[in-house]
Structure formats: C-alpha cells, structure tokens
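Peer 1: Could you have a look at this structure, given as structure tokens, before my questions?
The values are calculated or read from the model by the stated rules, or taken from the named source; none is laboratory data. All figures in this text were calculated on a predicted structure; none of them were measured in a lab. Here the Cβ positions follow ideal geometry from the backbone for every residue, glycine too, while neighbour counts run over all protein chains shown. What goes into the accessible areas is simple: the full protein's heavy atoms, side chains included, and nothing from ligands, DNA or RNA. Shrake-Rupley method; radii C 1.70, N 1.55, O 1.52, S 1.80 Å.
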Amino acid sequence: MDGNGVMISFINLSKTFSDDRHIVKAIDGFSLDIRQGEIVCLLGPSGCGKTTVLRIIAGLESKSGGSVKVRDESVSSAGSDRGLVFQEFSLFPWRTVRKNIEFGLEIKMMPVEERHEVSSKLIELVGLAGFENAHPEKLSGGMKQRVGIARALANDPAVLLMDEPFGSLDAQTRNLMQRELLRIWSATGKTILFVTHSVDEAVFLADRIVVMTARPGSVKEIISISIPRPRDRTSSEFISVRGEVLSVLEMEFEKTLARELSGD
Amino acid sequence: MSAQYTVLKRFGRFAKSRRLQLSAAIISVSVFVILWHVFAWLLRCWDWSLQEYVPFPVDVFTVLVDSFVNEVPGMDLSMGVMAFASFKRVVIGFTLALVVAFPLGLLMASFRFVNYLGDPIIEMFRPIPPVAWIPVFLVMLSFFWGPVAIVFLGAFFPILLNVMFGVKRTDQTLIDAAKTLGARRIDIFTKVVIPSTAPYLMTGVKVGLGISWMCIVAAEMLPVLGGGVGNALWVSAMEFSRFDVTFACMIVIGLMSILTTGLAEQVERRLYRWMGME
Amino acid sequence: MEKKTTLLISIVIAAAVVVATAGVALYLTPDDDDSVKYVVVSPTLMGGWLQGGDGSAYIAWEPFVSSATVGGYGTVLSWSNEIMPNHPCCVVVLSNEFASTTEGSELSLRFLKAHVESTEWILDALADKDSVEYQLLVNMSVAFTLRDADVVENALEHVKFGWEMDTEFRSALDQFTDMYIDAGIVEEETVGDRGYGNVTDFISSYVNGTYLDELGSVTESPAILNPDDPIRLGYLAGDIHQLAQYVAANGSVVGGTMSVFEKYGLNVVAATGAPYANGGSEMDAFVAGHVDIGYLGAPPAILKKLNVDADTTIIAQVNSEGSAIVIATGSQISSLADLSGKIVATPGESSIQHLLLKIALNEQGLKLVKA
Ligand SMILES: Nc1ncnc2c1ncn2[C@@H]1O[C@H](COP(=O)(O)OP(=O)(O)OP(=O)(O)O)[C@@H](O)[C@H]1O
Ligand SMILES: [Mg+2]
C-alpha cells in the first residue's frame, strides 16, 4: 500500500490573489512531495492557504508561480482524476444519493447498468445502503459527507483531496467518520491530501503531517507518524506526537494572531 | 399494519387541516358577501346614486350563472366561450413568454456577451408598462395577436429577470464540485445551472401568470375577435352600464387567475418534491 | 422509475387538457350558414379595417360612410333609410335637474329655440347649393369634423336634419328599447323597477314634446341672461349629425358677430369632458352632473335612462337617417343576403347602427352573431 512513487509534487508553488484594491500573497515557496497511497494532512493557522493549495491541485484555481504535478503531469484544469470533498458537502440537492454518486459517471457517458453497478458498490463501501433514493436534505451531516466521498470516489481518481471534510460534524460523528475514512482508504488505496484544523484528527489519520507557516503559506515542518493503525488516542505515543505538532503550530498561530491584532 | 396506520393518521391530519382551511375560507367569503349585500342595501335605503353601480350579490350570481347557461347579456356569446377565448390568449401569450424568456434568461446570465447584447434592449423596454403597448399592438396585430402580445410582454420580464437572478444565484461550490467531477461547461449548464434555477423560474412563472391576467383585462379593452371576459367586462360597464355583468366578469377573471396560479403552485410542489427540495 | 411515471402522468394530463379544450372550442364555435358575424370596431378605424381585408363590410354613421366612398375604397351597400325610413338618430337630451328651476327651464326653452332656428338655417342652406350660406355650412362642417370638403358635402346629403318628434319617432324608440330587452342589454324587470308600466309607457314619459310646443313664446333677448352661469353643453367629437349646435354657436350665421345662442340671450360653454367620444360617455357625464343639455344618439340615452336611472328627458330630435352599410369597392357582395357567413364591423352592441344592422339582417332571415 505504501507505494514509493510520487503522486503529487509541488515545487515552489506561489499564489497571489488580487482584485481592484487588494493584493494578497496567499502562498509562497510551497514545496512538497506526496507519495502514492499516502495520507497527508495539511495543518496550519487560519488563512494560511490550505484551501488554496487544494483548489490549485483540483484545478479550480490557477497558480501564480512554481509547479504542481500530479503523476508527473502539470495541473492545468479541473479533472476527474482528482476528487475533491468539500467541508460544506456541496451535494446536488435535486439529485438522490445514487444520482449524486453517479454524477461523474453520467458525464463520462457510462452506460446506465454499469453506472448502477459502480454506484451500488460505492453505496455499500461508504455504508449508505437503504438510502440510495433519498435526497440529501433527508440525510444527517455524516451521511451527507459519505455521499460526498462516494461521489468523489466514483470517478476512481488518483488522489482524493479533502478540505476539512468533517469540520462541521459533531465530535462523535467525526470520530466515526475518521475510522470510516481509514477503512475506505485501506479498501481503495487512494492517495489522500487532507486539510484539517484538528491536530487530533491529523495525528489519527496521517502518515505525514505538513504544518504550514502563517500567510503567505509555505511548508514549515513535516512530521512523519509511524504509530501503527488503528491508533489509540489515549496512548502515550499518540499524545506525545500531538504535543509535538501542537508546539510547532502554536508559533504560527501566534504570528497570525499578532498580524490580526495589528490590523493587517 | 403499522405503515397502514401511519398513512391513515397522516391522511386524518391532512383532512383535518384541509377541513379547517375550507371552513375558514367559507366563513370569510360568506362574511364578505353579506357585507356586500348590506352595503348595496344601505345604498338603496339612502337612495344614493352610487346604488346603480353596486348590484346585489345575488343578482351578480344569477347573471353569472345565466351568462354561462345562455349568453352574456347583449354580447351574443356565452361566458364559457368568452372565458375560453381569454384563457386561450393568456395561455398562448404566457407560454410564448416562457419559451422565450427561460432560455434567454439562462443565456444572458451565463454568457457575458449575450448579456451585453440583450441588456440595453431589455433595460429600455422593461420600464414600459405592458399595457402601454395596447394601442400599438391592437392596431398593429389586431384582434387575436394584439392581446396575446400584451400578455406576452407582461409575463416575459418577470420570468426573464427571475431566471437571470436564479442563474446568478447558482451555488459556486456546486459548480466547483461539478468541475472536479469532470463536468464540461455544457454539463455544468445543463446539470447544475438549470436545475438550481428551477425555483426562481417557478417564482417568475407565478408572478408572470398574475400579470398575464391583469394584462388580458386591459388588452381586451378594445374589441377582440371571439369575445373575451375582459372585453365583456369593459362593454358591460362602459357601454351597457350593466354592472351586475361587470362584476360577474370580474369573478370569472379572478377564478381563472386562481385556477392557473393554483396549477402553477401544484407544478411547483411537484417539481420541488421531484427535486428533493420540499 | 417513480419520477418517470410522474412525468409521464403529467404529460398525459397536459395532453388531455389540450385536447379537451380544443374539443370544447370546436364544439362551441358556432358554424351557422344563416349568420353574419360581427366585430366591434371604432368608426375612426373602420376604413383601415375594411381595407385591411379583415372583414367584408361595416356599418357606421356619416362622415364615416362618405370618407370611404369619396376615398374610393368603399361602396354603400345599403343606406339606413332603406332599412328603416326616418329612423331616429341624434336627439337633444335635457338634464331634469337643470330644468327643475324656473330659470333653468326658461334657458332650456331658449336653447331649444336656438337649436330649431339653426337647424332651419342648415335646411335652407342645403336647399340651395349655390348660396353663400351653403358654402358657409360646408366650411363650418369642415372645421367641425376636420374632414375634406368633398367628404363633408357628400355626408350632408345623407343626413336628415330636423327637430320634430312624431309618433313614428316614438315608435322607433319603442322598437330600439324592445331590441335592447331582447338582446339582454336591458333586463325586462328594469322597465317596471324604474316605475313604467311597459316600454311604450317608458318612451312616452321619456320623450317630452312640451318644450317644442312652447317655442312660439320665445323672443330674442337684448342681453345675455346667464352671464355667470353658462349652459354646459354636451356633444360628440366631430359628429356631423350635431352640426346644429356648432352652427348656433357661430357668429357669422345670424349676420354680424352675434351667434344664434347670443341672439336668445344664452351663454353656452362646452361641458367638462366635451366633446365626448360616444353617447355612452356623454350620458355618464350627465349622471356625474357635468352636462345640462346634450346632443347624442337616442339609443345610449334610452340605455342609460333605464340601466343607471340617468335623470334626463329627450326634448327634441337632431337628425334622422345618415348611416349606411359600407362594403369594399369591387367586392362580390351585392345584397344583404350576400353578407351571410361574412364579418361585419359595427360601432358596438348598443349603437343604433348595430340595431339597424340586426333589423336589416333579420328581414333577410339572417342572424347577427359575435365573431
Ligand atoms: N478568491 C480569493 N480572492 C482573494 N483572496 C483570497 C481568495 N481566496 C483566498 N484568499 C485569501 O488567501 C488566503 C488563504 O486563503 P485559504 O482559504 O486558502 O486559507 P485556509 O488556510 O484555507 O484558511 P482556513 O483555515 O480559514 O480555511 C486568505 O488570506 C484569503 O483571504
Ligand atoms: Mg480553508
């Protein structure tokens, strides 16, 4: 599962947003290699550019400088080889669970029976059996995000990009979903780039945690976690890694705080 | 067994709320009719000249029924024919407006260039009340297409503007989601933009229908071929001074308007249920 | 699956509605061979309407007849006197409230005297087409109707000016009232509700000839009797039938600068809203209290008297005849019977022209139905 090939590589990535009045340098000199089958968690203070990094790989945002390659190919536009899971789920409200999952397949013009087969498998995988014909409105947050994950997986993407996917869930559901994600990951072997604000979540999920600097975002430190899965949150190993990550983060948080107080 | 029970219970609740609604409606309408009657009666007691213009409700209902069974007094056509003639004009004018405004609204809101082309024209014509076109259209397009054109204009702008608004209100993250799932522009348009515009379209449809009925009354001010309730309304008041007939025509217009808006609401509910957006 | 069913059902329902309505429409469309269809068109638009080919004929009053014949696009199929000889047309209507005072009644009598004298002058002028008066009449008609002299001259030939109200006049009004009742425009009970025994009773009370009988007592007045309180006169826009009031107001008729109105001591002004577009709105102005004396068609006077109890009296005739059925020049139609299945424009269901057309067609065994 731990393939050694590089799946995503960032070299000196930078991104500047500008509108009529403001110029915001969101990312500067961001370099990172993500290996195939790896779970990498991006941690960093608010506004440091985590979402931007994800959107650039997804092809939803253009880069200002540097390079981003997925499987050695430069990213230029959005495509079905990179699945994105949103914090706010972003399900199509007028489509049923099954229809949401089949969205990408419809676009690929996959024949109906085949489509059905794929979606049935995914519904099984993410544990939504029995809800195939429900509309998103009828689902709980955790279930919605299961649909979001299944929908992204339907295209069989090389990488799964997740932007605080469990951020709006309650603590119980969140823990459950983390375990579920690991189960799905071990079943599919996807490369996962996971953005989170929760150190606990990062330590629980990641092979490596990338801590970003305050804006403009770049890689501050990379922490590899070798605790075998399933990880026990109460184990001393877990707690010590968490402490390590937290202390790195705190410095950056302080920088952000100082900047916010100075009114920038 | 239990499913059956739930269904029964739900139906019971539904029936009860329906019954409540119905009784309330009956009460309010009855009170209105009674007040109307009393008002007409008082006018006659005091012998005000206004009495000539305020018929008793019972006279209005009598003439209403009679005009369906026989013909609208002095107008040689039954109210059914008149109602159908107006209905036809509204339906055709409205449908044309829908068929043109919906795609145009989608295009204008989606493609900047189309917007740049269409916007000046639309901004130029939008503030002109549709009824201002009556003299032009009735002379230019004559009896049938004149009123239809006025209804068209009346329904066109609410639909267009609501659709444009709907497109602009499309959730950007849904578009992003579609993009990451491999959607091309055309897929985004058909599979994301159009469905998410549906509720706005329905708002435009309902507003447009209401305006259509207002327009038809004004558009039939001048004589129309094949009659029309709007025309009967004008002629009965302005030419015959038969205000019982005028009120009867108003009731017919009102009922048809309620019918069509009710239909639109049904469609809307269906649509929402179908789209899972109850 | 379920959605498809719903969709299918909706489509089926929609289709059913369309088919049903179409069926009903077909069923309801009268397709009689023995009927003539009518549409209501404003007389000012009838010429264009006929030329546009939307219909085969129209019935209207002068000058809308002569404008077609002189204009070369229309031919008269039937003059209204062929349908109903001496049929009444415009009348002088008096507000009962205005006449209720001694002063008002005196002014009304004097007004009528001026009306009669002007009408006599018109008749004299028409009798001699080489006279100066005839030329003056034509000039006044052009100024009043805003039409060409040849149209006006043609029209004047077909209008019968006069003030007398004989039994033939009264029985014609009877007939019009009966036709209104037949058509449902006036409800039969209304006649009784307004306090009349029957239609004849109603007409004989509505038409009051006593003013005409007393005209002999009216003398010229050296001064204006109502300088501060003018008679508010109602009349229709450019209606050549109502030339008498225009003549009466004109200074050059009597000779010198005094008008016929002034000769009898009258200060006359146009009522609020005058000239009116049609008799119906003039009657509404009577009801609203804007008009003291007015010229308008007898039918709207009858209609509003019965339907809204307009407190008025008919005190003289203005003219009779002067309407015609006009067909397009070169059309295949050569008789009233040929109108069967064709579309004819009328000025409105309550107009005298509409009633005349109905009478003419009924004599041919044809029905007049709405197109
Ligand atoms: N479209 C944009 N236009 C202008 N500025 C932007 C835009 N998108 C992001 N930014 C700015 O870029 C910086 C990085 O934003 P980004 O959303 O990537 O941060 P983040 O790390 O995801 O923050 P959070 O933890 O709050 O989600 C922020 O300062 C943000 O204000
Ligand atoms: Mg973010």
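Peer 1: Can you compute the FRET efficiency between residue A:188 and residue B:173 using 1/(1 + (r/R0)^6), with r the Cβ-Cβ distance and R0 = 22 Å? Round to the nearest 0.05.
Peer 2: My answer for the efficiency is 0.35.
Peer 1: For the Cα atoms of chain A, what angle does the longest principal axis make with the long axis of helix A:171-188, in degrees from 0 to 90, nearest 10?
Peer 2: For A:171-188 against chain A, the angle is about 70 degrees.
Peer 1: Sticking with this structure for a sec: Over the range B:55-274, average the accessible area per residue using a 1.4 Å probe and give it in Å², no decimals.
Peer 2: On a per-residue basis, the range B:55-274 sits at 42 Å².
Peer 1: The range C:109-249: D in µm²/s via Stokes-Einstein (Kirkwood Rh, Cα pairs, 4 °C, 1.567 mPa s)?
Peer 2: In µm²/s, the coefficient rounds to 72.
Peer 1: I need the fraction of alpha carbon pairs in the range B:164-278 separated by more than 20 Å, rounded to a whole percent.
Peer 2: 58 percent
Peer 1: While we're looking at this one, here's another question. Tally Lys/Arg at +1 and Asp/Glu at -1 over every other residue whose Cβ is under 13 Å from the Cβ of residue C:43; what's the total?
Peer 2: -1
Peer 1: Say R0 is 35 Å: what FRET efficiency, to the nearest 0.05, do residue B:69 and residue B:136 get from their beta-carbon distance?
Peer 2: The calculated FRET efficiency here is 0.40.
Peer 1: Based only on the alpha carbon positions, what is the Kirkwood hydrodynamic radius of chain C, in angstrom?
Peer 2: So the Kirkwood estimate lands at 22.3 Å.
Peer 1: Once you have the Kirkwood Rh of the range A:1-118 from its Cα pairs, apply Stokes-Einstein at 20 °C and 1.002 mPa s and quote D in µm²/s.
Peer 2: Calculated translational D: 130 µm²/s.
Peer 1: Follow-up. In nm, give the distance between the simple-model label positions of residue A:261 and residue B:263, each being 7 Å from the Cα along the Cα-to-Cβ direction.
Peer 2: Taking the simple label geometry, residue A:261 and residue B:263 are separated by 6.8 nm.
Peer 1: Now a separate question. Compute the distance from the alpha-carbon center of the range A:243-264 to that of the range C:238-268, in whole Å.
Peer 2: Taking the Cα centre of the range C:238-268 as reference, the centre of the range A:243-264 is 101 Å away.
Peer 1: In peptide C:286-294, what is the residue-averaged number of other protein chain Cβ atoms found within 10 Å of each Cβ?
Peer 2: What the average comes to for C:286-294 is 1.
Peer 1: Among the complete DSSP H segments of chain C, which ones combine at least 30 Å of alpha-carbon extent along their axis with a mean Kyte-Doolittle hydropathy of 0.0 or more?
Peer 2: C:2-28, C:102-127
Peer 1: log10 I(q)/I(0), Debye, Cα-only the range B:1-104, no solvent, q = 0.20 Å⁻¹?
Peer 2: -1.01
Peer 1: Hey, another quick one. Under a no-solvent Debye model with one identical scatterer per Cα of the range C:243-325, what's log10 I(q)/I(0) at q = 0.11, 0.13, 0.18 Å⁻¹?
Peer 2: Debye output, listed in q order: -0.36, -0.50, -0.86.
Peer 1: Also: Of A:99/A:121; A:99/B:191; C:37/C:305, which pairs sit farther than 23 Å apart, going by alpha carbon to alpha carbon?
Peer 2: Those over the limit are C:37/C:305.
Peer 1: Continuing with the same structure: On a 0 to 90 degree scale, rounded to 10, what angle separates helix B:2-46 from the longest Cα axis of chain B?
Peer 2: Once rounded, the angle reads 40 degrees.
Peer 1: Mind checking the mean number of beta-carbon atoms from other chains within 10 Å of the Cβ atoms in C:156-164?
Peer 2: 0
Peer 1: Something else about it: Using the alpha-carbon atoms, what tilt in degrees (0 to 90, nearest 10) does helix A:141-154 show relative to the longest principal axis of chain A?
Peer 2: 80 degrees
Peer 1: Next question. 222 nm [θ] for the protein assembly as shown, helices only, -39500 (n - 2.57) per DSSP H run of 4+, per residue, to 500?
Peer 2: -17500 deg cm²/dmol
Peer 1: Heavy atoms of the protein only, probe of 1.4 Å, neighbouring chains included. What is the accessible area of residue B:265 in Å², nearest 10?
Peer 2: Its heavy atoms expose roughly 80 Å² to the probe.
Peer 1: With a ≥ b ≥ c taken as the square roots of the eigenvalues of the C-alpha gyration tensor of chain B, please select rounded if a/c is under 1.5 and otherwise prolate if a/b is larger than b/c or oblate if it is not?
Peer 2: Oblate, because a/c is 1.5 or more while a/b does not exceed b/c.
Peer 1: Whole Å is fine, so just give me how far the alpha carbon centre of the range A:177-210 lies from that of the range B:43-121.
Peer 2: Value for the Cα centre distance between the two parts: 63 Å.
Peer 1: Enumerate the whole-percent occupancy of each 10 Å bin, from 0 to the last occupied one, for all C-alpha pair distances of the range A:120-196.
Peer 2: Pair shares across the bins are 18, 56, 26, 0.
Peer 1: Which value, in square angstrom to the nearest 100, describes the accessible area buried between chains B and C on both sides, using a 1.4 angstrom probe?
Peer 2: Chains B and C together bury roughly 2400 Å² of accessible area.
Peer 1: Still on this structure, please answer the following. Under 37 °C and 0.692 mPa s, how fast does chain A diffuse according to Stokes-Einstein, given a Kirkwood radius computed over C-alpha pairs? Answer in µm²/s, whole number.
Peer 2: In µm²/s, the coefficient rounds to 171.
Peer 1: Please state, to two decimals, what the Cα-based radius of gyration of the range C:323-366 comes to when divided by 2.2 N^0.38 Å (N = residues).
Peer 2: 1.14
Peer 1: Return the whole-Å distance between the Cα centroid of the range C:306-340 and the Cα centroid of the range B:163-221.
Peer 2: Comparing the Cα centres of the range C:306-340 and the range B:163-221, I get a distance of 54 Å.
Peer 1: Using a cut-off of 11 Å between beta-carbons, work out the net charge of the residues near residue C:238 (Lys and Arg +1, Asp and Glu -1, residue C:238 not included).
Peer 2: -1
Peer 1: Could you provide, to the nearest whole Å², the per residue accessible area of the range C:90-320 with probe 1.4 Å?
Peer 2: 40 Å²
Peer 1: May I ask for the accessible area buried between chains B and A, both sides summed, probe 1.4 Å, to the nearest 100 Å²?
Peer 2: 1900 Å²
Peer 1: May I ask you to find the residues of the range A:85-112 that are shielded by at least 50 Å² of accessible area once the whole protein assembly is considered instead of their isolated chain (probe 1.4 Å)?
Peer 2: A:92, A:94, A:103, A:107
Peer 1: With all distinct Cα pairs included, what does the Kirkwood hydrodynamic radius of the range C:51-147 come out to in Å, to one decimal, could you say?
Peer 2: It is 17.0 Å.
Peer 1: Could you put C:84, A:162, B:214 in order of accessible surface area, largest first, with the 1.4 Å probe and the full protein assembly present?
Peer 2: The ranking, largest first, comes out as B:214, C:84, A:162.
Peer 1: I need the shape label for the range B:171-217. Rule: rounded when a/c is under 1.5, else prolate if a/b > b/c, else oblate, with a, b, c from the alpha carbon gyration tensor.
Peer 2: prolate
Peer 1: When only alpha-carbon atoms count, how far does the range C:158-199 stretch along each of its three principal axes, as whole angstroms with the largest first?
Peer 2: Answer, in whole Å and largest first: 36, 20, 12 Å.
Peer 1: Hey, what does the equivalent ellipsoid look like for the protein assembly as shown, semi-axes from the Cα gyration tensor as sqrt of 5 times each eigenvalue, largest first, whole Å?
Peer 2: For the protein assembly as shown, the ellipsoid semi-axes come out as 85, 29, 26 Å.
Peer 1: Skipping prolines and chain starts, which residues have an amide H placed within reach, meaning under 5 Å, of the one on residue C:326, given they are 5 or more residues away or on another chain?
Peer 2: C:58, C:59, C:60, C:77
Peer 1: Hey, any idea what % of chain A's accessible area is carbon plus sulfur with a 1.4 Å probe?
Peer 2: Looking at chain A in its full context, I get 49 percent from C and S.
Peer 1: What number comes out for the charge environment of residue C:141, summing +1 per Lys or Arg and -1 per Asp or Glu over other residues with Cβ under 9 Å away?
Peer 2: Local charge sum for residue C:141: 0.
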